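For reference, the structure is listed below as structure tokens.
The values are calculated or read from the model by the stated rules, or taken from the named source; none is laboratory data. Source: prediction; values computed, not measured. Glycine also receives a Cβ, built like all others from the backbone with ideal geometry; neighbour counts cover every protein chain displayed.
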Amino acid sequence: MPGTSELIRARRRQSLRRNLTAYAFLAPALAMFVLFLAWPVVMLFIQSFQTGGVMGPAKFVGLANWRQIFSDDLVRQTIFNTLFYAAMAIPAVFIIAMVLALCLNAIRIGHTPIKTILYFPTLQPILIAALMFTFVLHQDFGILNILMRAITGEPVNFLGNASLAMPTIAMVEVWKGAGFWTMLFLAGIQGLPRDLFHAAELDGAGPLRRFFELTLPLLKPTFFFSVVFATIVNLQVFDSVFVLTDGGPANATATTAWYIYRSLFSFNEPGYGATLSFILVLVVLALTIVQSFWFREK
Amino acid sequence: MTKGLFRRRNAVSLQPTRSMTTIAYGILLIGVLISLTPFFYILSTSLKETRSLFSYPPEWIPSTLFWGNYAKLLQETEFVRWTFNTLFVGVVVTALKLVLDAMAAYALAKLDFFGKRAMTGTLLLAVAVPVAALIIPLFFIVRSMGLINTWWALILPALANPLGIFMLRSFIVSLPDDLGHSARLDGASEWRVFTQIILPLIKPGLVVHAIYTFMLQYTSFLWPLVAIQTESRQVLTVGISGLKANFVVDWGLISAASLLATIPITLLFIFLQRFFLAQNLSGALKG
Amino acid sequence: MAGSAIEFRSVKKSYGTHDVVRTLDLSVTPGEFLVLLGPSGCGKSTILKMLAGIEEPSSGEIYVDGQLVNYALPRDRNVAMVFQNYALYPHMTVAENIAYPLKASGRRLSPGESRTKVEEAAELVRISDQLPKHPDALSGGQRQRVALARALVREPAVFLMDEPLSNLDAQLRDAMRHQLIELHRRIGKATIYVTHDQLEAMTMADRIIVLNQGIIQQIGSPRDIYHSPANLFVAEFIGHPKMKFVPGVSLGGNKVRIGSVVLTATSPTGAEGQALTVGLRPSDLRIEGSGENLIAGRVVSSEFTGADTYLTLASDAGEAELCVRSANANPPEPGAALSVSVAPQDVHIFDADGRRM
């Protein structure tokens with residue numbers, strides 16, 4: 001007959017064993033997560049009160065970075081540019097992908113080859129996609145400009161024009177991303193319950209009404225993932241800017257991620273870059289949380 | 001056969017009219033052309049001498065094939081090294097991340113432990129942390145570990161993002177609990193349950209996970225640009241971007257490099273197409 | 001504790017404030033076939049899971065073969081379980097499924113020994129011809145057998161079965177029931193069998209435990225439970241068609257009045273004037289009986305079920321309708337007058353709290 005204390009000990013041993021087992025499974029991934037994700041976020045906050053550190057030790061500067069960052073015109077410009085880029089690229093790629101997905105859903109023959117080809121651009125690194133776009137955009141031999149010259153007689157300097165440069169970079173993302181979102185939306189559309197659509201058709205709802213009143217609302221879970229994911233990715237836009245314009249002309253394509261990179265390697269101001277990084281983390285997290293609530297409520 | 005036909009018919013829209021189908025094919029044709037044209041154009045460019053690029057009207061299909069760009073790329077640049085580095089790092093990251101994420105996903109999906117809810121929430125939130133914002137502290141952390149310019153600098157930080165954990169978790173959660181209970185009663189340790197019961201049953205999930213991890217690694221640019229400063233240790237994306245840094249840009253060389261860089265990932269895609277196109281990624285964030 | 005294969009002592013299980021199992025005391029003798037019977041959510045599966053180590057009791061002690069197992073790992077408990085959905089490993093063949101307990105426990109068996117054991121177990125449940133197949137190629141009944149074989153191969157002290165027949169069709173269920181009884185007789189190991197099906201319970205059990213809302217309602221042999229239900233819940237739950245209940249008043253001694261009828265029971269009916277509930281099973285009412293305990297009535301409706309016809313009766317035994325079984329090929333039509341009688345031992349008397357008197 002065991003005493004109560006023995007039972008309690010057995011229970012503790014069991015609980016300890018259960019927790020140790022679970023944490024053993026979690027440990028390797030958690031270690032990587034803490035070391036290379038959680039700790040860097042904490043370090044961002046610490047570094048935002050420091051200056052220097054690339055050569056020699058970092059110095060504590062109090063709130064200097066924070067004070068400066070809110071009056072820095074270039075920072076304001078990069079934030080504007082980044083949001084401008086996302087506001088162009090995300091709706092554009094979503095609408096195009098939705099149209100392509102609906103078209104794929106409407107045809108009977110040739111699915112696989114068309115899907116395969118539409119997916120080719122998605123596979124490429126953005127950097128390669130951007131480099132490929134120089135051959136589309138180049139003033140002398142860009143294929144789009146050869147077309148322009150044939151039509152209007154004048155080539156367009158897509159990347160050299162301050163008002164055209166950012167939309168052009170958004171175009172790279174649209175070209176590369178359309179295939180990805182098309183497949184995602186198509187999977188969503190094909191996963192919808194068919195009966196509902198048959199019922200709606202019997203009720204006399206036309207294709208447009210079916211799309212706006214059934215397809216779109218029912219795809220809400222897909223859109224939730226898509227909007228959140230696209231926001232996170234696009235607010236980090238860097239590769240295409242780096243290879244196509246390097247922030248120019250006249251900082252028209254200077255994005256936040258580009259500025260963070262430059263603050264480390266060109267301006268030698270990691271503390272300042274960390275401050276901006278910290279703001280970027282907060283903005284993306286806040287947007288993600290707001291989007292989650294927004295989608296949950298609707 | 002009939003089954004396949006039936007499924008296909010189910011997948012299409014309700015009785016699309018002929019004109020709707022024509023419009024759909026028209027739009028898709030435009031999409032296909034826009035997707036493919038840049039590939040063909042750099043193929044054509046890579047087979048021309050750079051100076052003939054600037055002639056107008058352009059020569060769409062070069063009358064004589066010029067292999068000089070490829071020869072220069074393979075002989076005078078470290079292109080082969082970059083390709084090897086990229087593939088090597090990609091394979092190592094994929095293998096390690098698969099093991100780490102699967103283990104963690106199993107714990108989150110099927111095991112009970114102290115702090116589970118808080119941990120799940122934290123990891124889910126961490127999915128949203130933009131990696132581009134972490135390059136500065138990561139640079140200092142990796143430098144203090146003495147890993148700058150090593151493969152470890154590319155491999156270790158790539159293991160941190162928890163998105164893959166959630167993707168695999170959604171696969172494991174869908175398995176009935178009784179399978180694990182049964183195996184435990186049969187005498188299996190937790191590790192055996194994981195390796196002998198769970199892993200074999202989520203193979204499709206593992207393949208999708210591996211593909212996405214590899215693709216993400218293959219396409220990464222910013223972090224390798226920061227972490228690797230030795231040309232011979234560089235990955236493809238950064239290496240190729242460096243070709244543009246010369247005063248007189250060798251466009252023929254760049255087009256050849258870009259085209260070759262698309263080949264490994266395209267081959268992988270063609271072999272594993274059904275996994276690429278089955279978008280199981282969105283399931284990850286629903287849990 | 002000595003002599004019992006399984007013992008529960010004051011075992012409780014609750015999730016938050018919701019009690020699933022309340023103060024369970026129970027012992028199972030070696031070789032016994034014990035059935036836990038109750039409606040869904042009564043806690044019967046939870047009891048099984050606590051025994052298997054899938055759930056942890058909130059308090060109390062559980063012993064298997066005299067060993068305290070509350071916090072032991074499932075594999076250290078010497079029990080085998082057959083799950084409701086069989087829980088076969090879909091990626092393994094039938095042979096691999098059955099062999100898995102031998103492999104997983106890390107026992108060093110030679111491949112030959114292992115194969116012999118698997119073949120023996122497969123032979124016992126008659127699936128030897130299915131060994132190379134995968135579970136998804138099997139019928140429900142075959143999967144059931146594989147699950148049984150996998151449990152058998154471990155040679156455990158105790159078998160646990162969680163509604164093992166509930167996913168089979170009626171015909172198969174009958175056949176499997178007989179085979180399970182036969183199997184239990186040959187193996188002779190203590191078995192705890194969970195079901196909500198009273199037919200399974202009545203035909204298979206040495207003892208039945210009727211559970212409701214986490215509380216044991218009655219423990220007893222199938223006969224005890226049928227003939228002397230301990231309370232209204234058991235009375236209503238056991239027997240098909242259900243026992244009919246009529247409000248009554250005690251007349252002292254062992255007499256009770258329902259409506260304008262006075263019935264004599266074998267049990268005392270308590271103090272005179274006490275409100276009671278009287279239960280009468282359709283199968284216990286005799287048509288055209290005579291003498292004592294006669295109830296006069298009229299047929300309201302009839303239900304033909306094949307061998308028997310069940311007649312609903314409006315009677316002078318009060319407002320509530322009675323039901324009576326008729327084996328007659330030409331039972332009375334609705335509207336016909338019909339008198340029934342009941343033997344005193346079949347008059348079930350329950351007090352105001354629903355307990356048997």
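Here are some notes:
- Scanning segment A:211-223 for residues that are out of contact with any Lys or Arg (no Cβ under 7 Å at 6 or more places or on another chain) and within 8 Å of chain B (Cβ to nearest Cβ) yields a single hit, A:T222.
- Within segment A:1-91, helices (runs of 4 or more DSSP H) holding 2 or more residues that are exposed (fewer than 14 other Cβ atoms within 10 Å of the Cβ): A:4-33
- For segment C:3-19, the count of residues that are over 19 Å from the mean Cα position of the chain (by Cα), part of a loop (DSSP other than H, G, I, E, B) and touching a residue at least 40 places away in the same chain (Cβ under 8 Å) is at least one.
- Scanning segment B:9-34 for residues that are facing chain A (nearest Cβ under 7 Å) and either at pLDDT below 90 or touching a Phe, Trp or Tyr at 6+ places or on another chain (Cβ under 6 Å) (or both) returns B:N10, B:A11, B:V12, B:S13, B:L14, B:P16, B:M20, B:T21.
- Across segment C:56-77, the qualifying residues are those that are assigned to a loop (DSSP other than H, G, I, E, B) and facing another protein chain (nearest Cβ under 10 Å), and the one among them that is nearest to C:K189 (Cα to Cα) is C:R77.
- Verdict on B:L168 being touching a helix residue (DSSP H, G or I) at 6+ places or on another chain (Cβ under 8 Å), within 9 Å of chain A (Cβ to nearest Cβ) and in a helix (DSSP H, G or I): no
- Residues located in segment B:42-55, provided they are within 7 Å of chain A (Cβ to nearest Cβ) and hydroxyl-bearing (S, T, Y): B:T45
Residues are listed down the side, and each one gets a yes or a no for (1) crowded, with 17+ Cβ neighbours inside 10 Å; (2) more than 11 Å from chain B (Cβ to nearest Cβ):
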site: C:Y100; (1), (2): yes, no
site: C:G106; (1), (2): no, no
site: C:P111; (1), (2): no, yes
site: C:Q130; (1), (2): yes, yes
site: C:Q144; (1), (2): yes, yes
site: C:M161; (1), (2): yes, yes
site: C:L165; (1), (2): yes, yes
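- Enumeration of residues in segment C:303-317 that are hydroxyl-bearing (S, T, Y) and surrounded by fewer than 17 Cβ atoms within 10 Å (Cβ to Cβ): C:T305
- Qualifying residue in segment C:279-287 (condition: among the acidic types (D, E), at negative phi, surrounded by fewer than 16 Cβ atoms within 10 Å (Cβ to Cβ) and not assigned by TED's automatic domain parsing to the domain that holds C:H227): no
- Residues of segment B:202-227 classified as among the aromatic types (F, W, Y) and closer than 17 Å to B:Q273 by Cβ, total: 3
- Search result, residues across segment A:244-277 that are within 8 Å of chain B (Cβ to nearest Cβ), surrounded by fewer than 24 Cβ atoms within 10 Å (Cβ to Cβ) and in contact (Cβ under 8 Å) with a residue 24 or more places away in the chain: A:L264
- Residues being crowded, with 23+ Cβ neighbours inside 10 Å and more than 9 Å from every other protein chain (Cβ to nearest Cβ) - total across segment B:152-163: 2
- Unique match (being outside any strand (DSSP E or B) and either out of contact with any helix residue (DSSP H, G or I) (no Cβ under 9 Å at 6 or more places or on another chain) or not assigned by TED's automatic domain parsing to the domain that holds C:Q217 (or both)) among C:A352, C:A296, C:A314: C:A352
- Which listed residue is at the interface with chain B (Cβ under 10 Å from one of its Cβ atoms) and surrounded by 20 or more Cβ atoms within 10 Å (Cβ to Cβ), from A:Q291, A:Q236: A:Q236
- Test: A:A106 is free of Cβ contacts under 8 Å to residues at least 60 places away in the same chain, over 26 Å from B:P264 (Cα atoms) and at the interface with chain B (Cβ under 10 Å from one of its Cβ atoms): yes
- Any hit, segment A:157-175, residues being free of Cβ contacts under 8 Å to residues at least 24 places away in the same chain, within 7 Å of chain B (Cβ to nearest Cβ) and in a helix (DSSP H, G or I): no
- Given (1) closer than 20 Å to B:L243 by Cα; (2) touching a Ser or Thr at 6+ places or on another chain (Cβ under 8 Å); (3) assigned by TED's automatic domain parsing to the domain that holds B:K203; (4) not small (G, A, S), number of the condition B:T83 does not satisfy: (2)
- Close contacts from segment B:152-163, counting a first residue that is over 13 Å from B:V92 (Cβ atoms) and a second that is crowded, with 21+ Cβ neighbours inside 10 Å and basic (K, R), with Cβ to Cβ under 9 Å and a gap of 6+ residues or different chains, come to B:N161/B:K97.
- Among the residues of segment B:171-195, just one is farther than 18 Å from A:A22 by Cβ, more than 7 Å from every other protein chain (Cβ to nearest Cβ) and either in a helix (DSSP H, G or I) or in contact (Cβ under 8 Å) with a residue 60 or more places away in the chain (or both), namely B:F171.
- Residues of segment C:208-226 that turn out to be buried (at least 19 other Cβ atoms within 10 Å of the Cβ) and assigned to a strand (DSSP E or B), as a count: 8
- Exactly one residue out of B:F84, B:F79, B:F54 is among the aromatic types (F, W, Y) and either closer than 30 Å to B:T195 by Cα or more than 30 Å from the chain's Cα centre (by Cα) (or both), and it is B:F54.
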